[in-house]
């Protein structure tokens, strides 16, 4: 699978928006026209005015608005997701005849994960149509009867081997948020959870003799196997097929390419979400810093105002003291000692406060 995003410098994006209409750009990248406009605003990139491309197509020669010098706050690089392109490549690979997945009728040596899964199930004594559900540390996520276990093991082995060919990895998540062990395919750092299960049919529970005798019933319904397998992607993503079952259109074995196509599409969606999340975090951090800077400048201004007011008060007091001293000196012909001392003290004080 190709990279899910493209890094563009400020000059690259400027050349791009002046080389073709916005409708063509947003079709290539997984962004909206308003999203592109916001990016251009942050990167201080001028955009063609309304009607520019209509005039160009009519043969009118127009000049481009020059790219201005970047300010200190200007962003210089942006990463744009390429969702639509990647999905096309995904579908193209999985639909080619030479890439069709074949599940062998016989496998001499199973993958260790499949062997572990089979051993976990075979430890239990199950009835013919009883469904066993694994959430074991050594087992892939599977919900199946013993009758379908051989077939399920061949499919799971094939999925693991085909994942390797696509440079993916199949593993068991021991640290899932649910607290349960879950199998997943790792694609470009994203875990896509999946499971193999057998479809069941619900029947009203028929009480046993002991249940009738003691007046209690363990279950309201019984679930019995139907013999049909289902391979399911355990992720919430709209618009992507996540269920591949035995039906009139074919068996699960014939739908593994569709399964991998969905896995890849979900990985693309998850990558887009990751990029959007990083962008949101970046914008949040930018806003936080801007708010902090506004608050810092506000507090700095308030501190200057307080200092100015304090200096003004000191000045007024110093002026009053000087006027008072001058009056003492003028009105006192023979200056008493205590007045002279007061004048001397006041003059020293004025020197200390800077007035």
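When both residues are 6+ apart or on different chains and their Cβ atoms are under 8 Å apart, which pairs have a first residue that lies in the range 160-175 and is under 15 Å from residue 140 (Cβ atoms) and in the same structural domain as residue 111 (by TED's automatic domain parsing), and a second that is modelled with pLDDT under 90 and surrounded by fewer than 18 Cβ atoms within 10 Å (Cβ to Cβ)?
Every condition considered, the pairs that remain are 172/137; 172/138; 174/137.
Taking the condition in a helix (DSSP H, G or I), on the phi < 0 side of the Ramachandran plot and at pLDDT below 90, does residue 114 pass?
Details: in a helix (DSSP H, G or I): yes; on the phi < 0 side of the Ramachandran plot: yes; at pLDDT below 90: no.
No; evaluated as a whole, the condition is false for this residue.
Would you mind listing the strands (runs of 3 or more DSSP E) fully within the range 180-280 where at least 2 residues are touching a residue at least 24 places away in the same chain (Cβ under 8 Å) and either closer than 24 Å to residue 138 by Cα or out of contact with any strand residue (DSSP E or B) (no Cβ under 8 Å at 6 or more places or on another chain) (or both)?
Hits in the range 180-280: 182-187, 190-204, 221-233.
Which of (1) more than 18 Å from residue 234 (Cα to Cα); (2) in a helix (DSSP H, G or I) does residue 163 not meet, given it meets every other one?
(1)
In the range 10-48, how many are touching a residue at least 12 places away in the same chain (Cβ under 8 Å), closer than 28 Å to residue 286 by Cβ and part of a loop (DSSP other than H, G, I, E, B)?
Residues that pass the stated criteria total 10.
The values are calculated or read from the model by the stated rules, or taken from the named source; none is laboratory data. If you're wondering where the values come from, they're calculated on a predicted model, not measured in any experiment. With ideal geometry, Cβ positions are generated from the backbone for all residues, glycine too; neighbour counts draw on all protein chains shown.
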